[in-house]
Amino acid sequence: MTINSDQKHTPMATLALVFVAIIWISPFSWLFVNAVDTQATGELRWPQSIGIGNFVSAMSGSAAQQFMNSMILALGTATMTIVVAAGAAYFLSRVYIPGKTTILWALVVMRMMPTNGVLVPIYFTAEKSGLLNPLGVMIALTILNLPFTLLLLKNFFDTVPLELEEAAHVEGASLWEILRHVVLPLSRAGIAVVWFFSFTSAWNEFLFPLIFSRTDSVFPMSMGLYSAFGEHGAIQYGFLAAYSIVYAIPAIGVYFLLRRNMNTGFAGVGVKG
Amino acid sequence: MSNVRLENVSKTYGDMKIIHGVDLAINEGEFVVFVGPSGCGKSTLLRMIAGLEDITGGHIKIGDKIVNDMPSPQRGIAMVFQSYALYPHMTVRRNMAFGLEISKCPKDEIEERVNNAARILQLEPYLNRMPKELSGGQRQRVAIGRAIVREPKVFLFDEPLSNLDAALRGQTRLEIAKLHSSLGATMIYVTHDQVEAMTLADRIVVLNGGRIEQVGTPLELYSSPANAFVAGFIGGQKMNFMPASSRDGKLQLGQRVLPFSVSSSVTKVGIRPEHLQVSTPEDAHLSGRVEYVEMFGDHTLIHFETEDLGLITVKVEDSSDIKENEPIYVKLLAERLHLFDDSGRVHDAISH
């Protein structure tokens, strides 16, 4: 039996769908219309004068600096998370430690506490170790990412059959070569997910840059967006809308870049005849 | 090519002793099969030779070198795993070349060795495919190819055919036998399947509970098993075992005293189904009622229930007109009778 996909839509269903679509699309259309209107006032109206001026100012000067700061922060956090988590997760996956699953889940449960609850100790630790700077933010975010990413990557590494590693070992591969040529390529999907997750969460992070940043020059875009609401006296809605769009693009871009990897998990080839 | 020598080799996991002091000498170019039930330690022993398991006691020598502490890659061995262990993200060509690439072998030599192995194993059309695009038999051949390209002194096979279906298993078995005769390399092969052991081996090593029960050629093991375990394990059909004793120097089976001279310590006899003959009531040594009949076309197995000796199986050539629930009379071939005493060891040969 197949599911009939040619069912006729009733007028009521069509109306309901249109209603939902409007609710979903209207903020985006508001954003887009204001971004291309050089005389935007914040109202949802037909653009008075269409131009790319807003985008130019959203990608130059301090806005460009903030874009770069966000990029460095997100790339740095994602990469640091992957390196630390992959190393630790491989160890957790392959070495027998009594109660390791319990330990791992305990970390995850502890991580469910609101980050704000431990903000004060984190702040003082960073201050004492001279890390009230973007590097400090990366380290703090990496540590906070670790419980989930460890659990995720360990489970991915668990699916890579030990015999593959033994085969590579017999053929003369060192531990590093086994990791590079066998384990990591086969865990590509898990690594892509962890990288994407770390990238977007660091890109969106507001609180840590706020309390760790000593100068304007290291502000990321999340803080730039906040200050754009009041810094220039009156709010420049056109700039704000364009800035928001620029802010949203990298996360979407990273998703499309990694999508192929996320969809190709490890297929248990080699075991079944 | 190289000989392999095991001297009092043992293996302990915590308090559990898995291998109990095994001594074995494998000659250069020999095909040796380790066979035994699951958990007998045959795979552990192979993995110890491969360098994938530590050696708790004794020595393993490959060539003239003690390899106990030598890392696996330097032992000059290649291993074919039960699951094939092909790298799923590499093409067939790269799967075979990987080990050579790691050891920084020159490119043109890698190319030559891979092409050569592919030709031997008829894998040439598949070199650029991924493992998941191959059938089970082809994957198996890639795994063997990966071993061949390394030109090892010793090939190690860990149950390489157990993931294949029956038809393919027979075919691949033949290919492995051909490979051994063309390469002439020393091969050690682990299986739980006694048919593979019988057909492939120059010598079979029967293992049980971490000890060697018997080492010998397939025919030696079939015709003169050292004990009841080997007798029961080797052979196409399972051997019939019957409780026995000696009365006035003659063999007593249940209520019957048969005209065969035996020593007084005999407690058990074994006879293979093919060494029993359906006979007339006058010549019969045993009788019973047919329980069920299995027809294989070229031969038939008749299982009959005796009053005091349990279920006994007779193998008859061709088909048989014997029906279930009919009475049956059976003769023993005296010279094929295996006698065991309490320790399970085979007893002196029988005399009339």
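The values are calculated or read from the model by the stated rules, or taken from the named source; none is laboratory data. Quantities reported herein were computed from a predicted structural model and do not represent experimental measurements. Cβ coordinates were reconstructed from backbone atoms using ideal geometry, including for glycine residues, and neighbour counts include every protein chain displayed.
List pairs: first in the stretch B:325-352 and assigned to a strand (DSSP E or B) and modelled with pLDDT under 70, second surrounded by 12 or more Cβ atoms within 10 Å (Cβ to Cβ) and of a type in the set (Gly, Ala, Ser), Cβ under 6 Å, 6+ apart or cross-chain?
Between residues of the stretch B:325-352 that are assigned to a strand (DSSP E or B) and modelled with pLDDT under 70 and residues that are surrounded by 12 or more Cβ atoms within 10 Å (Cβ to Cβ) and of a type in the set (Gly, Ala, Ser), the close pairs are B:Ser351/B:Ser261.
Need the failing condition index for B:Phe155 against (1) surrounded by fewer than 18 Cβ atoms within 10 Å (Cβ to Cβ); (2) within 12 Å of chain A (Cβ to nearest Cβ), just the number.
Among (1) surrounded by fewer than 18 Cβ atoms within 10 Å (Cβ to Cβ); (2) within 12 Å of chain A (Cβ to nearest Cβ), B:Phe155 violates only (1).
Residues are listed down the side, and each one gets a yes or a no for (1) surrounded by fewer than 22 Cβ atoms within 10 Å (Cβ to Cβ); (2) over 24 Å from A:Pro161 (Cα atoms); (3) away from every other protein chain (no Cβ under 13 Å):
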residue	(1), (2), (3)
B:Arg47	yes, no, no
B:Gly58	yes, yes, yes
B:Ala85	no, no, no
B:His89	yes, no, no
B:Val92	no, no, no
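If a residue must be polar (S, T, N, Q) and buried (at least 17 other Cβ atoms within 10 Å of the Cβ), how many such residues does the stretch A:195-215 contain?
From the stretch A:195-215, those polar (S, T, N, Q) are A:198, A:200-201, A:204, A:213, A:215; that's our starting set.
Okay, now just the ones that are also buried (at least 17 other Cβ atoms within 10 Å of the Cβ), so A:198, A:200-201, A:213.
Selection size over the stretch A:195-215: 4.
Out of B:Phe31, B:Phe81, I need the residue that is within 9 Å of another protein chain (Cβ to nearest Cβ), in contact with a strand residue (DSSP E or B) (Cβ under 7 Å, 6 or more places away or on another chain) and not aliphatic (A, V, I, L, M). Which one?
On the way: B:Phe31 fails: within 9 Å of another protein chain (Cβ to nearest Cβ).
None of the other options fit; the residue is B:Phe81.
Being buried (at least 23 other Cβ atoms within 10 Å of the Cβ), small (Gly, Ala, Ser) and facing chain A (nearest Cβ under 9 Å), is that true of even one residue in the stretch B:131-144?
Yes, the stretch B:131-144 has at least one match.
So, in the stretch B:315-324, how many residues would count as being in a strand (DSSP E or B) and either among the charged types (D, E, K, R) or under 13 Å from B:His285 (Cα atoms) (or both)?
2
Could you identify the single residue in A:Val137, A:Val170, A:Val182, A:Val193 that is at pLDDT 90 or above and under 17 Å from the mean Cα position of the chain (by Cα)?
One residue alone meets the criteria, A:Val137.
Residues of the stretch B:152-173 being more than 22 Å from B:Cys40 (Cβ to Cβ) and at pLDDT 90 or above, which ones?
Matches in the stretch B:152-173: B:Pro152, B:Lys153.
Which condition breaks for B:Leu123 when tested against (1) under 26 Å from the mean Cα position of the chain (by Cα); (2) under 23 Å from B:Asp165 (Cα atoms); (3) away from chain A (no Cβ under 14 Å)?
Every condition holds for B:Leu123 apart from (1).
Give the residue, chosen from B:Gly232, B:Gly236, B:Gly184, that is at positive phi and away from chain A (no Cβ under 14 Å). I'd like the intermediate steps shown before the answer.
Values: B:Gly232 fails: at positive phi; B:Gly236 fails: at positive phi.
Going through B:Gly232, B:Gly236, B:Gly184 in turn, the sole match is B:Gly184.
Of all residues in the stretch B:95-124 being among the polar types (S, T, N, Q) and over 21 Å from A:His169 (Cα atoms), which is surrounded by the most Cβ atoms within 10 Å (Cβ to Cβ)?
The extreme case among them is B:Asn115.
Is it the case that the stretch B:191-201 has a residue that's part of a strand (DSSP E or B), buried (at least 18 other Cβ atoms within 10 Å of the Cβ) and in the same structural domain as B:Gly29 (by the TED database)? Reasoning before the result, please.
First, pick out the residues of the stretch B:191-201 that are part of a strand (DSSP E or B): B:191.
Now restrict to residues that are buried (at least 18 other Cβ atoms within 10 Å of the Cβ): B:191.
If we keep only those that are in the same structural domain as B:Gly29 (by the TED database) too, we end up with B:191.
Within the stretch B:191-201 (the criterion being part of a strand (DSSP E or B), buried (at least 18 other Cβ atoms within 10 Å of the Cβ) and in the same structural domain as B:Gly29 (by the TED database)), the answer is yes, since at least one residue qualifies.
How about the stretch A:1-110: which helices (runs of 4 or more DSSP H) wholly inside it have at least 3 residues that are polar (S, T, N, Q) and under 25 Å from the mean Cα position of the chain (by Cα)?
On the way: elements: A:11-36, A:53-58, A:61-94.
Hits in the stretch A:1-110: A:61-94.
Just to be sure before I move on: is A:Ala168 within 28 Å of B:Lys153 (Cα to Cα) and not in a helix (DSSP H, G or I) in the structure I sent?
So A:Ala168 does not fit the description; no.
Pull up the stretch A:169-181, narrow it to residues that are under 15 Å from B:Leu52 (Cα atoms) and facing another protein chain (nearest Cβ under 7 Å), then point me to the one that is surrounded by the fewest Cβ atoms within 10 Å (Cβ to Cβ).
Step by step, filter the stretch A:169-181, then rank; the result is A:Gly172.
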